[in-house]
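Novice: Below you will find the structure I want to go over with you.
The values are calculated or read from the model by the stated rules, or taken from the named source; none is laboratory data. Since this is a predicted model, take the numbers as computed values, not measurements. Ideal geometry is used to build each Cβ from the backbone, glycine not excepted, and the neighbour counts take in all protein chains shown. The protein model used for the area step is the full one, side chains on, heavy atoms only, and it has no ligands, DNA or RNA in it. Shrake-Rupley method; radii C 1.70, N 1.55, O 1.52, S 1.80 Å.
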Amino acid sequence: MEHKINAYNNLLELVGNTPLIKLNKIAANLEGNFYAKVEGFNPGHSSKDRIALYIIEEAERRGILKKGSTIIETTSGNTGFSIAMISIIKGYECILAVSSKSSKDKIDMLRSMGAKVYVCPAHVSADDPRSYYEVAKRLHEETEGSIYINQYFNDLNSEAHYKSTGPEIWNQTNGHITHLVACSGTGGTISGTAKYLKEQNPNIRVIGVDAYGSVLKKYHETGELDTKEIYPYRIEGLGKNLIPTATNFKVIDEFIKVTDEESAHTAREISRTEGLFVGYTSGAVMQAVRQLEEMGEFNEDSNVVVIFPDHGSRYMSKIYSDQWMADQGFFDSKNVEEPQKIEFVK
Ligand SMILES: Cc1ncc(COP(=O)(O)O)c(C=O)c1O
């Protein structure tokens, strides 16, 4: 007799449909209602599960990917983890070309998920044959039946969010959303989600979060790619030194920039106050909300949805390390809470 077992067939059935969670304490002094779309609930712990699965399944539908085919991408971050996870389940090879700047932890994590990792020198220009872009391109050309995800320049990136994140937020808020605040890296999340939401209600305000040291905000305002805006910063996944074609600037009303330091403290505060263990860019989004509040963006009828892109566990040696925070000088300001002392019992 066949038993009725309530089980998922595999992890991939759990991609998307992430919860929308009311922010209570961290938003207590803000006007309006604030809700977080918590993407760390995806099985690969970030929003990148959505685009990786969508792009891979689109390639399957088009007959490009077959069992044993190879999937290639240039990332040491969340997208790499998602592709590696999906490759295991679907039976593909996963090759990731990463920069030599990537931490050993990240490379070990990807290798633990079965990915083949090429570490490419960080100091060379993008068109150098040793750069991770060029290595990925070459491997793609040499490997028959392979696909190159190319998330910054792939329209399917935002399409994945147009078909999933957008409708989910619209339904979860019963159409009462007034603002969307989201980070822009490739721009896939904000572009796809905003396009869907604005088709339902063009009055929804869409605010993109950018980093100091990135070109996106200025490009949005002037149409100019100003290389003088570019300098190194610490937040990963936010902002860019080029203009990704995956970003649809027309559906974004405004960009707001946030600092490394304030974003790091705000992420730590979200964990401590809401019990939501979130990544660095979630702190950036919430920091942007605070700046928007000061600019008078919200009122008591505002229903603001923020997207928290990933889980805090990826940042143990960064924002959740007191030593790292101290090394960056992030505890130097008088206004920040000192880290809790560890009690050693002898
Ligand atoms: C941690 C994190 N936050 C935010 C983003 C930005 O999302 P998107 O690339 O869809 O703009 C990314 C993407 O790289 C990310 O890894």
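The rows are residues; the columns are (1) within 16 Å of the ligand (Cβ to nearest atom); (2) within 17 Å of the chain's Cα centre (by Cα); (3) open to solvent by 10 Å² or more (accessible area, probe 1.4 Å); (4) not β-branched (Val, Ile, Thr).
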site	(1), (2), (3), (4)
ASN157	yes, yes, no, yes
ALA160	yes, yes, no, yes
HIS176	no, no, yes, yes
ALA194	yes, yes, no, yes
HIS220	yes, no, yes, yes
ALA267	yes, yes, no, yes
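Novice: I'd like to check which strands (runs of 3 or more DSSP E) are fully inside segment 1-102 and have at least 2 residues that are touching a residue at least 12 places away in the same chain (Cβ under 8 Å), on the phi < 0 side of the Ramachandran plot and open to solvent by less than 30 Å² (accessible area, probe 1.4 Å).
Specialist: Of the strands (runs of 3 or more DSSP E) lying wholly inside segment 1-102, those with at least 2 residues that are touching a residue at least 12 places away in the same chain (Cβ under 8 Å), on the phi < 0 side of the Ramachandran plot and open to solvent by less than 30 Å² (accessible area, probe 1.4 Å) span 33-38, 70-73, 93-99.
Novice: I'd like to know if segment 117-134 contains one or more residues that are in a helix (DSSP H, G or I) and either in contact with a Lys or Arg (Cβ under 8 Å, 6 or more places away or on another chain) or of a type in the set (A, V, I, L, M, F, W, C) (or both).
Specialist: No, segment 117-134 contains no residue that is in a helix (DSSP H, G or I) and either in contact with a Lys or Arg (Cβ under 8 Å, 6 or more places away or on another chain) or of a type in the set (A, V, I, L, M, F, W, C) (or both).
Novice: Tell me which residues, restricted to segment 119-134, are of a type outside the set (Gly, Ala, Ser), within 17 Å of GLY77 (Cα to Cα) and open to solvent by less than 70 Å² (accessible area, probe 1.4 Å).
Specialist: CYS120, PRO121, TYR132, TYR133, listed by residue number.
Novice: Determine which member of the set VAL206, VAL181 is touching a strand residue (DSSP E or B) at 6+ places or on another chain (Cβ under 6 Å), under 22 Å from THR245 (Cβ atoms) and not in a loop (DSSP other than H, G, I, E, B).
Specialist: Testing whether each residue is touching a strand residue (DSSP E or B) at 6+ places or on another chain (Cβ under 6 Å), under 22 Å from THR245 (Cβ atoms) and not in a loop (DSSP other than H, G, I, E, B) leaves just VAL206.
Novice: Which condition number does THR75 fail, the rest of (1) within 15 Å of the ligand (Cβ to nearest atom); (2) touching a strand residue (DSSP E or B) at 6+ places or on another chain (Cβ under 6 Å) being met?
Specialist: (2)
Novice: Between VAL336, VAL289, VAL305, VAL285, which is buried (at least 23 other Cβ atoms within 10 Å of the Cβ) and either in a strand (DSSP E or B) or more than 23 Å from the chain's Cα centre (by Cα) (or both)?
Specialist: Exactly one of VAL336, VAL289, VAL305, VAL285 is buried (at least 23 other Cβ atoms within 10 Å of the Cβ) and either in a strand (DSSP E or B) or more than 23 Å from the chain's Cα centre (by Cα) (or both), namely VAL305.
Novice: Follow-up. Return yes or no: is LYS106 outside any strand (DSSP E or B), within 13 Å of the ligand (Cβ to nearest atom) and either open to solvent by 30 Å² or more (accessible area, probe 1.4 Å) or modelled with pLDDT under 95 (or both)?
Specialist: Yes.
Novice: Another question, then. Just to be sure, is VAL304 assigned by the TED database to the domain that holds GLY175 and aliphatic (A, V, I, L, M)?
Specialist: Answer is yes for this residue.
Novice: Kindly indicate the residue of segment 308-333 that is open to solvent by less than 30 Å² (accessible area, probe 1.4 Å) and within 16 Å of the ligand (Cβ to nearest atom) and also nearest to the chain's Cα centre (by Cα) among those meeting that condition.
Specialist: Here the answer is PRO309.
Novice: Does segment 277-298 contain any residue that is in contact with a Pro (Cβ under 6 Å, 6 or more places away or on another chain), within 13 Å of the ligand (Cβ to nearest atom) and not assigned by the TED database to the domain that holds SER103?
Specialist: Scanning segment 277-298, I find at least one residue that is in contact with a Pro (Cβ under 6 Å, 6 or more places away or on another chain), within 13 Å of the ligand (Cβ to nearest atom) and not assigned by the TED database to the domain that holds SER103, so the answer is yes.
Novice: When you scan segment 263-273, do you find a residue that is in a loop (DSSP other than H, G, I, E, B) and out of contact with any Phe, Trp or Tyr (no Cβ under 9 Å at 6 or more places or on another chain), even just one?
Specialist: no
Novice: Listed residues ALA28, ALA59, ALA36; which is within 16 Å of the ligand (Cβ to nearest atom) and among the aliphatic types (A, V, I, L, M)?
Specialist: On inspection, the qualifying residue turns out to be ALA36.
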